[in-house]
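Participant: First the structure, which I've put down as structure tokens, then a few questions once you've had a look.
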Amino acid sequence: MKRTVWEGQVLRDLARDMIDRDRRLRVLALGDDGRAEGLVVHDHGGTTGRKPFIQIAALASPSKFELVEEADEVTADPRYAVLLAAITAVHGPHATPADYARAAFHALPSPAVAAP
């Protein structure tokens, strides 16, 4: 059974070569050509921050992609993108929770980032 794909969703890639890497993609935009622009938000041993284009039909297939996070108002908050960029900058196989916390701490109080 196919699911509906929405902008903002996070999906885990279930391809055999991606399962160990725990590759996750956020859907940024749905194109008229049947492809979605994604953002790799998590990928052990890969390139986080890359923006691949993936067939929407593949993203809708539970056997190919697992829905990890539903789209909601959190992803619409402008601070979310700033926080995601800061976390992406420190992400890696040896990153600790403290590394992520420091990145968030330094990113969020910026005067350029206003709460909605």
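Participant: State yes or no: is T88 among the β-branched types (V, I, T) and in contact (Cβ under 8 Å) with a residue 24 or more places away in the chain?
Facilitator: Spelling it out, T88 is indeed among the β-branched types (V, I, T) and in contact (Cβ under 8 Å) with a residue 24 or more places away in the chain.
Participant: Are any residues in region 92-113 modelled with pLDDT under 70 and of a type in the set (S, T, Y), and if so, which ones?
Facilitator: Scanning region 92-113 gives a single hit, S110.
Participant: Take the residues in region 19-43 that are buried (at least 18 other Cβ atoms within 10 Å of the Cβ) and over 8 Å from the mean Cα position of the chain (by Cα), then tell me which one is nearest to A60 (Cα to Cα).
Facilitator: A36
Participant: Oh, and also: Applying the selection to region 44-57, what residues are at pLDDT 90 or above and either closer than 18 Å to G92 by Cβ or open to solvent by 20 Å² or more (accessible area, probe 1.4 Å) (or both)?
Facilitator: K51, F53, I54, Q55, I56, A57 - these are the residues of region 44-57 that are at pLDDT 90 or above and either closer than 18 Å to G92 by Cβ or open to solvent by 20 Å² or more (accessible area, probe 1.4 Å) (or both).
Participant: Scan region 69-91 residue by residue and report those that are open to solvent by 60 Å² or more (accessible area, probe 1.4 Å) and at pLDDT 85 or above.
Facilitator: Across region 69-91, the qualifying residue is only A89.
Participant: Here are L67, L14: which of them is among the aliphatic types (A, V, I, L, M), touching a Pro at 6+ places or on another chain (Cβ under 9 Å) and touching a residue at least 24 places away in the same chain (Cβ under 8 Å)?
Facilitator: From the options L67, L14, the qualifying one is L14.
Participant: Output the number of residues of region 1-13 satisfying the condition of being within 15 Å of the chain's Cα centre (by Cα) and either within 14 Å of E70 (Cβ to Cβ) or in a loop (DSSP other than H, G, I, E, B) (or both).
Facilitator: Keep residues of region 1-13 that are within 15 Å of the chain's Cα centre (by Cα), which gives 5-13.
Then keep just the ones that are either within 14 Å of E70 (Cβ to Cβ) or in a loop (DSSP other than H, G, I, E, B) (or both); that gives 5-12.
Of the residues in that region, 8 qualify.
The values are calculated or read from the model by the stated rules, or taken from the named source; none is laboratory data. In this text, all values refer to a predicted model and were calculated from it rather than measured experimentally. Positions of Cβ are generated from backbone atoms using ideal geometry, with glycine treated the same way; all protein chains shown enter the neighbour counts. Heads up: the accessible areas ignore ligands, DNA and RNA and are worked out on the full protein's heavy atoms, side chains in. Shrake-Rupley method; radii C 1.70, N 1.55, O 1.52, S 1.80 Å.
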